[in-house]
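Q: I am attaching a structure below and will ask some questions about it afterwards.
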Amino acid sequence: MIQAVGDDIEILFSHEKIATRVQELGARITEDYAQAEELYLVGILKGSFIFFADLARQIDLKIKCEFMGISSYGASTESSGIVQITSDLTCSIENKDILIIEDIVDSGLSMNFLCKNLATRRPRSVRICTLLDKPENRKVAVDVDYVGFQVPNLFVVGYGLDLAEQYRNLPYVGVYHEPS
C-alpha cells in the first residue's frame, strides 16, 4: 500500500517493513555463506550506504567492507546508459567471496558492467544483493541473488536512494512524483 506524505512523495515501503526484510536477508546470507572463510561486502556508493550498514549488522559472519562508486544517472531520473567507476576498491578480491550490495537494480546496465569488471579480478564468487529490484525495466539480463523488494517501473527515493542528491535521508522508500 502506498501512503502519501506530500505532493511529491508517497511511501512505498515503511522503515519497519524495510527493517524486517533486511533482517531476513541477513539471516539468509549468513546461512548461505556459513562455510565461507570470509565474506567481502562491496557497497555501491552512494545509494547503498544506509542499506549496506543495516544489512552488515544483520550478517553473523566474518566480513570485510569495501566500497565502489559507479554512476549512470547524474541528476536525472533516467539512466544515461553510460556507466562510470567513480571510486574503486582498495584491496585485491582475488579468490574472495564477494557480495555486491546495491540500492536498486533497474536497467541492469550498471550491474552488468560491474559484474564483468569484478570478474576480471578473479574472485572466488560474486553475488548480488539489492534492496530494490525493478525487473520490468531491464535492458540487460542480470541474476540478482538476494532481493529486498520488487518495485514497479516508478522512480523511488529514500533510504539512500536519491534524486539529484536529495531524499537519501528519508527513513522509508517512496515513489517520487514530479511537482505539478
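The values are calculated or read from the model by the stated rules, or taken from the named source; none is laboratory data. All values reported here derive from a predicted model rather than from experimental measurement. Methodologically, a virtual Cβ is constructed for each residue, glycine included, from the backbone with ideal geometry; neighbour enumeration extends over all protein chains shown.
Q: L61 is checked against (1) buried (at least 16 other Cβ atoms within 10 Å of the Cβ); (2) closer than 30 Å to E178 by Cα and fails just one. What number does that condition carry?
A: Status for L61: all satisfied but (2).
Q: With of a type in the set (A, V, I, L, M), in a loop (DSSP other than H, G, I, E, B) and modelled with pLDDT of 95 or more as the only criterion, which of A27, A34 stands out?
A: Details: A27 fails: in a loop (DSSP other than H, G, I, E, B).
None of the others qualify; the one that does is A34.
Q: Hey, could you check region 96-137 for residues that are at pLDDT 95 or above and among the small types (G, A, S) and say which is farthest from E38 (Cα to Cα)?
A: Residue satisfying both the conditions and the ranking: A119.
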